[in-house]
Structure formats: structure tokens, C-alpha cells
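The next block holds one structure in the form of C-alpha cells; read it before the comments.
The values are calculated or read from the model by the stated rules, or taken from the named source; none is laboratory data. Model, not experiment: these values are computed from the prediction. Backbone-built Cβ (ideal geometry, glycine too); neighbour counts: all protein chains shown.
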């Protein structure tokens, strides 16, 4: 009895140590490692797993497309959830590639679900890993709020070139990015705070910084907040895409569809999962953890239905999980004046509910 109790205590302690280690801040001071290690945090894995729209879309796509006896590679496996779906779908072998310490969690979760005889967790770079066989299916949840904004596409495509059979499939199969002009009063309220002399101090510098920050998880941007029709920013066909395809530059004009206050460009993605399932964080779709990605315009610009607004939006990946975006607005006002603004900011996967 005592030996059983002691063994149980040891097992619990070992698991608790893992939880503590992954919940603690990373010891590394290298910027790239800090960005990657974001996904070794329980809080972000919790957000993704609790997102049932996201997770069930992948589950349906995997169950529909993974065939009995397939070899599957899960790139950026995290907790191993997609790998477990693939095993349940009938894969004979699944390789779960996860370079962060979340790989240790995946090993434990897979073991608890009694799928460790099918799934092997590998803590290596997908572009260089040497697997004993090529994959029939490459699955990955690589999207940021704008799809390509976390710059995960280049390492995903390098993994594709390394591990996928020529006739293999990718989940998702395609991805598109969209954006529209929007009126987000809550964002205006936040930015106005910095210029209101809070605490009897000049905090304008924070406003300047915040106004050039790409904001994730803007759940407040809903269909009623859109001031123009959506515009397509990019399209990726995952089997044939090149890494440079993850960069885009849009320049065009939009007609304002209703009176409002132009306070941001709101952006989102849409993925074809390959089985007639679409996964999107568009304003008119069921809520996901992604929300919308917003590019602030401050001070906001009053606009009227019928006005033409010229705007640009571009994104360029500079490192793993890091991209630089720039955006601009040019509006001809009724009095003949022109309001023109230019902004730029860095996109990283760090979310803060305080500002959203």
C-alpha cells in the first residue's frame, strides 16, 4: 500500500514539475527563442484547445482525409491534438514535430490517450529532420490572426519539401487573407487615453507606440463595424506555394458603405481545409480565439457613405514568428482637404487582453 502511494506521489510530482517548468518564464534572452517559446506556454495552448471552432474544423478535416494506413506529419504539434486526431482517423504512423518544450506535454497527453504506439514526438526542425518514410499528409495549424502574419509559412513549406510525398496532401489546402476599413470605437477609446494627459502626465509617446502596433484578437470588430467591402490581400495554395508568397502588398481604393469613424483596417483569413470545410476568423463567422487583426488609424477620420478611400497594407516576414507590417490611408474630405496617414509596426504572437 505504501509503495503504491509513494509511486503515485512520484508520478504526480514529476507531472507537476513539468507544469511548473512550462508555466514559468523562459530563461532565454534571445528574441527568436522568446517568440517561439510563446507556444510553449500553457495559456496560449489553452486558448487554442478551448477554441472549438478551430479544433473541430481540424478534427473534421483530418477524419475526412486521413486514410487507413497513412503516414502523417504534424508540424508545430504543440500538445499533440492534431496528431491524436490523425491516429484516431486510422494513420499507421504519425510524426509530431514540436521544437519547444511543449513536446514534453505532447508525449504525456498522447500516452494518456493510449496512442503512443502510433505517434512519435520529435523535437527537431521539420526542414532537416530525417524520417524513415515520407508522409501522405502534412497537417499544421500555422495561422496568425491575418494568416501569414506570424511568418510560419516559410518553415512549413521547408518541412513540406522535406517530408511530404509528391502526391501527398496538406491541411489546410489553401489560405486567403482579407481586410476592410472599419469603425472600432473601443480601439479609439483606448488610444484616446494616452493623449488625455492621464495621471497629469504627458504619455503621448505611448499613444504613438500603440498607434503603430498591430493588434491581435480584436473581437470587437463585428460586421456592423465594417465601413467597406472586404478586399483580398493574398492567396496561398499550400502544395505549390513558395516562401515569398507569404509576403503581400495591397494597394487599392474602397467605397465607404455607411457613415462612420474610420479607426482601423481590420484583417482576417480564410482556410480551405480540403474537405469542403472552411475555417475563418472573419467578422461574420463564429467567434474564434483569433478575433480580427487590427491596424489602428488614430485620430479616427470621419467618413460618409459614398466616399472613396485609398489605402495600402503590406506584410513582410523578417524572422520566425515575426513580420513587419505597414499601412496607410488617404481620404479626400468634403471640404476639399486631404487626410493622409502612414503607419508601420511589428507583428508578434504575443496577445494582451488588457488592450483588447
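Return a yes/no flag: does region 161-168 have any residue that is modelled with pLDDT of 95 or more, in a strand (DSSP E or B), crowded, with 23+ Cβ neighbours inside 10 Å and at negative phi. Walk me through it before giving the result.
Step one: list which residues in region 161-168 are modelled with pLDDT of 95 or more, which gives 161-168.
Add one more test, that the residue is in a strand (DSSP E or B), and what stays is 164-168.
In the following step, the residues that additionally are crowded, with 23+ Cβ neighbours inside 10 Å were identified as none.
No: region 161-168 contains no residue that is modelled with pLDDT of 95 or more, in a strand (DSSP E or B), crowded, with 23+ Cβ neighbours inside 10 Å and at negative phi.
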### Query
Of the residues that make up region 198-209, is at least one surrounded by 13 or more Cβ atoms within 10 Å (Cβ to Cβ), under 25 Å from residue 290 (Cα atoms), touching a strand residue (DSSP E or B) at 6+ places or on another chain (Cβ under 9 Å) and touching a residue at least 12 places away in the same chain (Cβ under 8 Å)?
yes
### Task
Could you tell me whether region 321-342 includes any residue that is more than 28 Å from residue 204 (Cβ to Cβ), in contact with a helix residue (DSSP H, G or I) (Cβ under 9 Å, 6 or more places away or on another chain) and modelled with pLDDT under 95?
yes
### Summary
Just one listed residue, out of 276, 270, is closer than 23 Å to residue 58 by Cα and at pLDDT 95 or above, and it is 270
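Scan 106, 77 and give me the residue that is touching a helix residue (DSSP H, G or I) at 6+ places or on another chain (Cβ under 9 Å), under 15 Å from residue 171 (Cβ atoms) and surrounded by 22 or more Cβ atoms within 10 Å (Cβ to Cβ). Quick ask: steps written out before the conclusion?
Numbers: 106 fails: under 15 Å from residue 171 (Cβ atoms).
Unique residue meeting the criteria: 77.
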### Message
Conditions first: (1) buried (at least 17 other Cβ atoms within 10 Å of the Cβ); (2) modelled with pLDDT of 95 or more; (3) touching a helix residue (DSSP H, G or I) at 6+ places or on another chain (Cβ under 7 Å). Residue 45 passes all but one, so which condition is the exception?
### Response
(2)
### Query
Considering only strands (runs of 3 or more DSSP E) fully contained in region 64-159, which possess at least 2 residues that are touching a residue at least 60 places away in the same chain (Cβ under 8 Å)?
71-75, 93-97, 135-140
### Task
Find the residue count for region 172-227, including only residues that are in a loop (DSSP other than H, G, I, E, B) and more than 30 Å from residue 73 (Cβ to Cβ).
17
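Across region 252-284, what is the total count of residues that are part of a loop (DSSP other than H, G, I, E, B) and in contact (Cβ under 8 Å) with a residue 60 or more places away in the chain? Explain how you work it out, then say what you get.
Taking region 252-284 first, the residues part of a loop (DSSP other than H, G, I, E, B) are 256-259, 273-277, 281-284.
Within this subset, residues satisfying the condition of being in contact (Cβ under 8 Å) with a residue 60 or more places away in the chain are 256, 273-275, 277, 281-284.
Matching residues across region 252-284 total 9.
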